[in-house]
Each structure stands twice: as C-alpha cells, then as structure tokens.
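One structure is given below, encoded as structure tokens.
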Amino acid sequence: MAGLAAAVCLCGPAGAGDSQVLVDGFDGPGFSESGGLYYKENFEQSAGIVEFQKDVVRNGGGALKLSVKPLCATSSTSCSERAEIWEKTALRVPYDQGVWYGFAVKFADPIPTDDHRYLIAQWKREIDPGADGDFSPFLALRLRQGKLFATVETNYVAPTATSVSTAAAPCTAGTPVWYRPETNQMRALVATDGNWTPDDGSLFDACTDAITVTDHGNKLPAPNTGWIDFAIFTKPGPDGSGLIELFANGKPVVTVKGHIGHADPGLGKNQYFKFGPYRAAHTTDWTLYYDDFRRSPNCSDVLQNGLCSAK
C-alpha cells in the first residue's frame, strides 16, 4: 500500500456537500427508504426481472437478483434490454461534486463470453429534454468475452504530439482510447481483469494524454471469482479536472484524472448512477446478483479497513 497515499487524496469528505448517505442491503421485500433506489419502468426495462431473494447473499439476509430476457429483435441496433436500478431523481449528486459509491456484484452462471455490449454499472450526466445527442456513461463497468473492464468517456479532445497511436492497447505512451469525433466523444480503457489481452482492446486503437491512469498493481477481479465489492469515487471534470478512484475487493485498482464526462449544451446539472444488467438485443437470459449498496460524500462510509486514512 506504499503507493496509495499519492493516488488517494480524498480520504475524508469527498466534497459532495449536500449529498445524502444512502444504504441498502436488500434484506427486505423491497427497496429500503434509506437506499433511495427504484426500478425505472419503461419498454427496455420490461426485459428485466427484479427479485429480492435470500438464496444468494453476500451480507445480511438478502440480495438483489436482476435478470434480463430477450425483448428486442436481434437485428435492432437501437433497442436495449435492461434491468437497471436507479437513484431517485431528488437524491442525485451535482455534476461538479465528488461522491463515493459502493456495491457488490456476483455473476450468475452462465457468464456471457461472446463479443457483445454488456454493462453491469454506469455513471452518467443528466440530459435535459430535447437535448441533441446520445451521451455514453462517463464511467462504466463492462463485460466483453467474459472479461471485466472499465471505461471513461469524455468529449473529443484532439490528439497532441505526445499522444502515440498504436495498433492496439496497451499504448506505448498515454491512455488507450477510442476516438469518435463525429459524436464529439471519446472512450478510454482504464482498467481490465487479469485475463484481458491486447486483442480484447482492439477497439481502443489510439492513445490520449487528456486522460491519465495511475495503475496501482491490482487488476479487476475476474467475473467467475464470486462476489466483487466495488468502492468508487467519481468527480466528473470535462475541463480536465475530473477524478475517479476505483477499488475492488478492498484493493486500489486505478486512479483516473483529466477530462472525464461531457459538457455539451442541453446537459443537466447532476450526475447519476445505475446498476444492473444492460445489453444490446440478444437471445439468451442474463442474471447478476447485487448486495451492499452504499453512497456517501465520505470515503469511510464506503471503503473499509482503514484505506481512507492511508497517508
């Protein structure tokens, strides 16, 4: 842990002033009042099944089972299948403030191993009604070919002389990135599990110095290793002031700094978090378990074992 002090500087209040502390262990028959969570009802969410069950748990007497079943035509490129849990709108954190999130996830068998779009958690900025554009999450935990990885999204920042293009990740300098100037966005690859190969990251075929990643020597756990407990600090900063701290199972994985998130016209004032299985149209069922949700402006409410006070 010797290198942790330089990376994790937000050991006390994270700066999210008025943000409430939210906690839900999913031990009861529904969402707790203290958790501030709900299941959003819409067409894509009708693919989802929500179960408050007691057979597969991490702590306490229950955990949340979230599943998606086929809903969309597999040829559809605009339809998704979701079983996502949302923060209540009134409890969202301002976009320019930092906040800690924690949750545990367990992949049910079979774990998808195909090359498809799978997300298990995502952080986004509100979009005002009528805003032009489709904005990717500024932070997402994703699955590809049975491997777990994390991405950070921001507005397109043109390459500079110090950005080194490569055929595939990893970069020889900078952070692997997928440039999408036509949508004014770019996506960086910031963390992977131990089974990840350069071929898995072939989409990230360039590099950027607008996003920097400090690797703390710990990979993301593989999806087949049981419960994975995440503790994550998010503070978007499309102007280059962004900061993300990512821990998994009590170990620091990466610190991400720089351009994080979007600043396009028509975007809202808050960030928000969603978790649960989300995928492009498919023909199979997919199930995840979640437990121990928490959110707080204070690191110590989310990350245990004294890691917040590391000096």
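Pull up the stretch 191-232, narrow it to residues that are buried (at least 19 other Cβ atoms within 10 Å of the Cβ) and of a type in the set (Ser, Thr, Tyr), then point me to the one that is farthest from the chain's Cα centre (by Cα).
208
Return a yes/no flag: does the stretch 246-264 have any residue that is charged (D, E, K, R), under 16 Å from residue 101 (Cα atoms) and touching a strand residue (DSSP E or B) at 6+ places or on another chain (Cβ under 8 Å).
No, the stretch 246-264 contains no residue that is charged (D, E, K, R), under 16 Å from residue 101 (Cα atoms) and touching a strand residue (DSSP E or B) at 6+ places or on another chain (Cβ under 8 Å).
Can you name the residue in the stretch 86-96 that is in contact with an Asp or Glu (Cβ under 9 Å, 6 or more places away or on another chain) and not in a helix (DSSP H, G or I) and is also surrounded by the fewest Cβ atoms within 10 Å (Cβ to Cβ) among such residues?
94
Condition first: under 22 Å from residue 229 (Cα atoms) and acidic (Asp, Glu). Now tell me which residues in the stretch 34-58 satisfy that.
Scanning the stretch 34-58 gives 51, 55.
What are the pairs, 6+ residues apart or on separate chains, where a residue within the stretch 193-207 that is closer than 24 Å to residue 248 by Cα has its Cβ under 6 Å from a residue that is of a type in the set (D, E, K, R) and part of a loop (DSSP other than H, G, I, E, B)?
If the second residue must be of a type in the set (D, E, K, R) and part of a loop (DSSP other than H, G, I, E, B), the pairs left are 193/219; 194/219.
So for the stretch 54-62 (the condition being among the aliphatic types (A, V, I, L, M), touching a Phe, Trp or Tyr at 6+ places or on another chain (Cβ under 6 Å) and surrounded by 18 or more Cβ atoms within 10 Å (Cβ to Cβ)), does at least one residue qualify?
For the stretch 54-62, residues among the aliphatic types (A, V, I, L, M), touching a Phe, Trp or Tyr at 6+ places or on another chain (Cβ under 6 Å) and surrounded by 18 or more Cβ atoms within 10 Å (Cβ to Cβ): absent.
If a residue has to be buried (at least 21 other Cβ atoms within 10 Å of the Cβ), within 23 Å of residue 94 (Cα to Cα) and either touching a helix residue (DSSP H, G or I) at 6+ places or on another chain (Cβ under 8 Å) or charged (D, E, K, R) (or both) to count, how many in the stretch 126-164 make the cut?
Total meeting the criteria: 1.
Give the residues of the stretch 107-118 that are surrounded by fewer than 21 Cβ atoms within 10 Å (Cβ to Cβ) and either assigned to a strand (DSSP E or B) or hydroxyl-bearing (Ser, Thr, Tyr) (or both), sorted by residue number.
113
Kindly evaluate residue 146 against the criterion of being more than 20 Å from residue 256 (Cα to Cα), of a type in the set (Gly, Ala, Ser) and modelled with pLDDT of 95 or more.
Answer is yes for this residue.
Just for strands (runs of 3 or more DSSP E) wholly inside the stretch 233-302: which have at least 1 residues that are among the basic types (Lys, Arg), surrounded by fewer than 21 Cβ atoms within 10 Å (Cβ to Cβ) and touching a Phe, Trp or Tyr at 6+ places or on another chain (Cβ under 8 Å)?
In the stretch 233-302, 267-280, 286-296 are the strands (runs of 3 or more DSSP E) which contain 1 or more residues that are among the basic types (Lys, Arg), surrounded by fewer than 21 Cβ atoms within 10 Å (Cβ to Cβ) and touching a Phe, Trp or Tyr at 6+ places or on another chain (Cβ under 8 Å).
Filter the stretch 171-190 down to the residues that are charged (D, E, K, R), in contact with a strand residue (DSSP E or B) (Cβ under 8 Å, 6 or more places away or on another chain) and surrounded by fewer than 19 Cβ atoms within 10 Å (Cβ to Cβ) and list them by number.
Of everything in the stretch 171-190, just one residue is charged (D, E, K, R), in contact with a strand residue (DSSP E or B) (Cβ under 8 Å, 6 or more places away or on another chain) and surrounded by fewer than 19 Cβ atoms within 10 Å (Cβ to Cβ), namely 180.
Kindly check whether there is at least one residue in the stretch 67-82 that is crowded, with 20+ Cβ neighbours inside 10 Å, modelled with pLDDT of 95 or more and not in a strand (DSSP E or B).
no
The values are calculated or read from the model by the stated rules, or taken from the named source; none is laboratory data. Note that this is a predicted model, so its numbers are computed, not measured. Note: ideal-geometry Cβ built from the backbone for every residue, glycine included; neighbour counts use all protein chains shown.
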